[in-house]
Amino acid sequence: METPDGFKWCSDCQEVKELAEFGANKRMPDGRARYCKVCFRRRSTASYRKRKAGQGKAVRERVQVPEGCKYCPRCTEVKSTSEFGSNRAMKDGMTAYCRPCHTVVARENKIKKYGSERNYLLQYRYGITEDDFERMLARQGGLCAICQAVPGTFVDHCHATGRVRGVLCFNCNNGLGHFTDNLVLLELAALYLEGEVLWPEFVVLPEGRGDSPVAPSRTYHLSRRYRVRHEDVERMISAQHGLCVVCWDRPPEHVDHCHRSGAVRQVLCLPCNTGIGQFRDDPGVVRRALSYVEATVEDFGEVVVSDEELEELVRAEEELRSEFYARVTRVG
């Protein structure tokens, strides 16, 4: 069929159209596809559906989605884009499924790939499997690696190196967290529970607490629970230079007492008071926690430094010492 220049006849729709209406095809003499783009798309869609039908798979019909909405293929609903999470890897910047479906699909994929959601979390957070966890717990006799009194349920790791150390119970795991795995604080806490308070020679005095009004119920609460008055607690805080007697770093907020005898000991900050409580007021448990952390401290061996590096370290140490003495107050 004769066609003017710049035009081509489509053998499917039997129409003459501009060359721009035809796709590229290097195998054709004119470098254009046999069919126009509309017909080619229709034929391609029909071929795809036939091929999928032969595989026993159904092809969903295209859903017309209004502006500001998106189709979720799992719940087969058209929802507002606000119902979808963000995903920069997608062309539209949103997740393929709506939020409820995305949660379900993500859980199913974790179970399919890792066997269980717990196994996924163990590998993601600590780099171990459920089998590794069970072997660690079996080596500990099924008990917490520190208190050795209750079953271990929580994986403990070093927050500095990410290294897994053992399996702990809830209390011991939280106790280490409150003392930030600090060997010095654990030693001070053990001494405190044994009745020995190490009074420092220098402290950084906190800002004045001011004369804030006292709640009417405070004295009642203190007298009922600890058999002390608000004035007694204030005298204790003053004698402690306004600092916790374990860490000597934070203002005291909580009256600490022996849970066996009920005797008031000192006034501690929240982390130290809570950490001691998590270790059940038992200095033996605190010392086992200290040994537990010490056993996993990495030894880097002897470090060789040059004379220039040594001079720089000495200079930095002198600056830190000068800065320290400029901030502290002698109390001892």
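The values are calculated or read from the model by the stated rules, or taken from the named source; none is laboratory data. What you are looking at is a predicted structure, and each value in this text was computed from that prediction instead of being measured. All Cβ positions, glycine included, derive from the backbone under ideal geometry; neighbour counts span all protein chains shown.
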Review point. What do you reckon, is C101 more than 30 Å from D5 (Cβ to Cβ) and at pLDDT 95 or above?
Key: yes
Exercise for review: Any residue in the range 224-244 that's under 20 Å from G262 (Cβ atoms): show its pairings with residues that are hydroxyl-bearing (S, T, Y) and surrounded by 13 or more Cβ atoms within 10 Å (Cβ to Cβ) at Cβ separation under 7 Å, as long as the two are six or more apart or on different chains.
Suggested key: R229/T219; R229/S223; H230/T219
Exercise for review: Restrict the check to the range 122-132 and report whether at least one residue is touching a His at 6+ places or on another chain (Cβ under 7 Å) and surrounded by 12 or more Cβ atoms within 10 Å (Cβ to Cβ).
Suggested key: yes
Study note, to complete from the structure: Considering only strands (runs of 3 or more DSSP E) wholly within the range 1-97, the ones with at least 1 residues that are under 51 Å from the mean Cα position of the chain (by Cα) and loosely packed, with under 11 Cβ neighbours inside 10 Å are 84-86
Check your understanding: With the range 138-227 as the region, which helices (runs of 4 or more DSSP H) entirely inside it contain at least 2 residues that are loosely packed, with under 12 Cβ neighbours inside 10 Å?
Key -> 216-225
Review point. Which of the residues that make up the range 238-290 are in a helix (DSSP H, G or I), aliphatic (A, V, I, L, M) and buried (at least 19 other Cβ atoms within 10 Å of the Cβ)?
Key: I276, V285, V286, A289, L290
